[in-house]
Amino acid sequence: MQKTTDPVFLSQQKAEITECHVYEKLSALSQDEKNKALLMDIANDELRHYHTWKSITGKEIKPNSLKVFWYVFLARLFGLSFALKLMENGEAHAQSFYKKAAEKHPEVSRIALDEETHEKELIGILNDKRLSYVGAIVLGLNDALVELTGTLVGLSFAFSDNLVIGVTGLIMGIAAALSMASSGYLASQEEEEKEDINPVTAAIYTGVAYLVTVLLLVFPYFVFPDTKIAMVVMLVMTLLIIATYNYYISVAKEVNFKKRFLTMALISLGVAAISFGIGFMAKAWLGISI
């Protein structure tokens, strides 16, 4: 059989050996023996797919080590479910390619069937229990963004000392984080039986999400001496936090990124705009200057 040098075939061959290495490393990372065995089986399938493409191209290809590192990093940071769903999203686009390639190379049809099987086998892993606590994370993250963004913008126009603004925001943020954690605990008690949610875990997710957001938002006021620059950096940080969180959710729960991002961004920036007016009036009418 004549070998092909079609770059698309070579790219797919590289993807197969790359995914083989990713699944091997994710298998080693998994604490669940059943998931570990499943991921190793999939890794072996991907290796077989690689050799199928190798028989077609006649070339030996190395894996994309950067991509292997990236997926393993994401699995450590955001959980196995997130990394796997991101990989599966990429494989979904390959189905049409498999069908077309199978017209000239029938052995490729086996790869397409394997990929469909993998998707079904991974359902149990993809239903990550930690996603049940997304509501708790939203509670902490959204409240921190709305409350602290508005507070810091208001303080920025009322006061002129960044240290005062930063410390005030930090104290308020820590107190609010503790308050939100207790609120998250009480709220999750109502959902415990229905969604198998642990109230203590939910409280921790809420409190930590709030506290991390607080630290990121007040950080510019301790770094930049100019209040306006610090405020602009804080607002940019707000949008980055919203974008990062909604990207995670759009992958993990397969929801619309754009709609969720715009909703959260408009709420946070809308409150900031109102707070700007309040801070401006406080400084102009009350003559406050610190």
Fill in: Residue among Glu33, Glu19 that alone is among the acidic types (Asp, Glu), without any contact (Cβ under 8 Å) to a residue 40 or more places away in the chain and either at negative phi or in contact with a Lys or Arg (Cβ under 6 Å, 6 or more places away or on another chain) (or both)
Glu33
Fill in: Verdict on Asp41 being surrounded by fewer than 18 Cβ atoms within 10 Å (Cβ to Cβ) and closer than 22 Å to Glu116 by Cβ
yes
Worksheet entry | Of residues in the stretch 8-19 being surrounded by 21 or more Cβ atoms within 10 Å (Cβ to Cβ) and of a type outside the set (Gly, Ala, Ser), the one farthest from Lys59 (Cα to Cα) | Glu19
Worksheet, complete the sentence: Those residues of the stretch 157-200 that are at pLDDT 75 or above and charged (D, E, K, R) come to a total of 1
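The values are calculated or read from the model by the stated rules, or taken from the named source; none is laboratory data. A quick note: this is a predicted structure, and the numbers were derived from the prediction, not measured. Note that each Cβ is placed from the backbone with ideal geometry, even for glycine, and that neighbours are counted across all protein chains shown.
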